[in-house]
Structures are given as structure tokens and as C-alpha cells.
Amino acid sequence: MGKGEVTRQAILERATALASRCGLEGVSIGHLAEDLGLSKSGLFAHFGSKEALQVEILRFAADRFVQAVVRPALAEPRGEPRVRAIFERWLGWSRSHSVPGGCLFVAAASELDDRPGPARNELVRLQKEWMDSIAICFRSGISEGHFRADADPEQFAHDLYSVMLGYHHAQRLLRDPAADFRARASMEALLAAARRRGPSRAAPRRRPVRPRSAPRQRRTA
């Protein structure tokens, strides 16, 4: 790796960490240049514009997500074990020190949803690819006999994504100590609804462990 590429990597490392806490718009060219001991013109030479930097931040974060979540999950057996691995790795990503402000893609979605431009287009592309990947993994569970033949892979991907959005809100904003438990309970409900009726070759169900601080539901007569 040449000096220019090393510098580019250092810029993106710092910029991605900042963006996870402050949003893409919060990544200042001047602040980045000062932190890294570069001139503004030197930093611009790597990206050309702030908008181009934002696109590269999203791509850099996506590459990290692939390394931390997607590739290890795809190493698991097809079907339900692989879907579970996606979920568990995704939870781990949300708590990772590499994204100190939480999932960059969740923050960027709120920031860019009504702001047309290259950064929004890139985020949409990345998120659609991820939803397609979840659906493909779920579809392998149908072919393996873990899930019902009439189960909808795209609906499952949508529902799992919704669980993770709820988890991010509960864990980052509400600081809910039961956030992990609730996310896992929701995942188990999704898998139970998707399984074949009758005997199944799926992996045994894992019951979520309730944290001590999580409230128990009252039983009604």
C-alpha cells in the first residue's frame, strides 16, 4: 500500500468515526485536516469535494460491515444458522468500538432521507443490497427445509431490519438495559413464524436470556 493510500485510509478511518457520532454533515474538512496534520488542499486532493468524501465514508463503512458481519455469517451453514449469524453479528456491529456513535447507516438514513444527491443515492444502493442479501440467506433456509415454502424472504428481510432499527433506538437513545433481550425475543418470534409446520430440520430454538433489570409482564386472570 502506497503512501497516498495509507493517508486515504487514515482519513476515512477518522471520518467514519466522526460521522457515526456527528452525522455526515458533521464531518468537517477543516477538522479532519487538523486532526490528521494535513492541509485542507491536501485532503481535498484525495476526494475532490465534501460530497465525494461522504460517499467514500459510506463505502468505507460498508466494507467494514461486510468484514465484521456478512463474511463471517456466510461461513455458517445455509439456512437458519446463517440467518441467526447475520442477526448476532449485526447486534455486535451496533455495539462495536469501530462505530462509537452506533450504526452509521441508521444515522445517515435519518440525515439523508429527504436530501437528494450522491450520498443519499449511495446509501440507498447499499441498503437495498443488504436487504437483498438477508432475503437470499432466508431463501436458503426455505430450500434447506428450515422455513415454510410459502414464507416471504423480502418480508422477513424487512421485518428483521425493523427489529434492528428498534434495537438501535432502544440501545442508543433510550439506554434500555433490556434492548438485547427484546431484540432477541423479536428475532425468535420472526423465526418461529417462518418455520415449517410440523417436524423441522432447523437448529434448536435459543431462548433469549432476560436481563435482571428487564420487567416481567404481569399475568392476567
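Normalising the average separation of contacting C-alpha pairs (under 8 angstrom, six or more residues apart) by the number of residues puts the relative contact order of region 59-195 at 22 percent.
Remark: spin-label model distance R21-D132 equals 3.5 nm, labels positioned 7 Å along the Cα→Cβ axis. Near E76: Cβ cut-off under 11 Å, other residues only, Lys/Arg at +1 and Asp/Glu at -1. The net charge is +3. A simple packing score, the average count of other Cβ atoms within 10 Å per residue, orders the peptides 136-146, 70-80 as 136-146, 70-80, with the highest score first. What shape does region 87-185 take by its C-alpha gyration tensor, where a ≥ b ≥ c are the square roots of the eigenvalues and a/c under 1.5 counts as rounded, a/b above b/c as prolate, and the rest as oblate? Oblate shape, in that a/c is at least 1.5 and b/c is the bigger or equal ratio. Look at where the Cα atoms of region 58-122 and of region 5-54 average out, and the two centres are 21 Å apart. For region 132-172, the direction-averaged projected area of the alpha-carbon convex hull comes to 3.1 nm². Taking amide H positions as modeled 1.01 Å from N, with prolines and chain starts lacking one, the residues under 5 Å from F147 and 5 or more places away or on another chain are I142, R196. For region 94-146, the solvent-accessible area of protein heavy atoms averages 47 Å² per residue (probe radius 1.4 Å; ligands and nucleic acids excluded). Once the chain is represented by equal point scatterers at the alpha-carbon sites, with solvent omitted, what log10 I(q)/I(0) does the Debye formula produce at q = 0.09, 0.10, 0.12, 0.17 Å⁻¹? Calculated log10 I(q)/I(0) at the listed q: -0.44, -0.53, -0.73, -1.19.
Scoring 117-128, 17-28 by mean Cβ neighbours within 10 Å over their residues and listing the highest first yields 17-28, 117-128. Relative to the current alpha-carbon distance between R115 and R148, full extension at 0.36 nm per residue lengthens the span by 7.9 nm. Shown is the FRET efficiency for Q9 and H158, computed with R0 = 25 Å from the Cβ-Cβ distance and rounded to the nearest 0.05: 0.15. Applying 0.36 nm per residue to the separation of L74 and A192 and subtracting their alpha-carbon distance, the gain on full extension is 40.3 nm.
The values are calculated or read from the model by the stated rules, or taken from the named source; none is laboratory data. Bear in mind the structure is a predicted one, so any value in this text is a computation, not a measurement. Please note: Cβ atoms are built from the backbone with ideal geometry, for glycine as well, and neighbour counts cover all protein chains shown. To get the accessible areas, we keep the full protein, side chains included, count just its heavy atoms, and leave off ligands, DNA and RNA. Shrake-Rupley method; radii C 1.70, N 1.55, O 1.52, S 1.80 Å.
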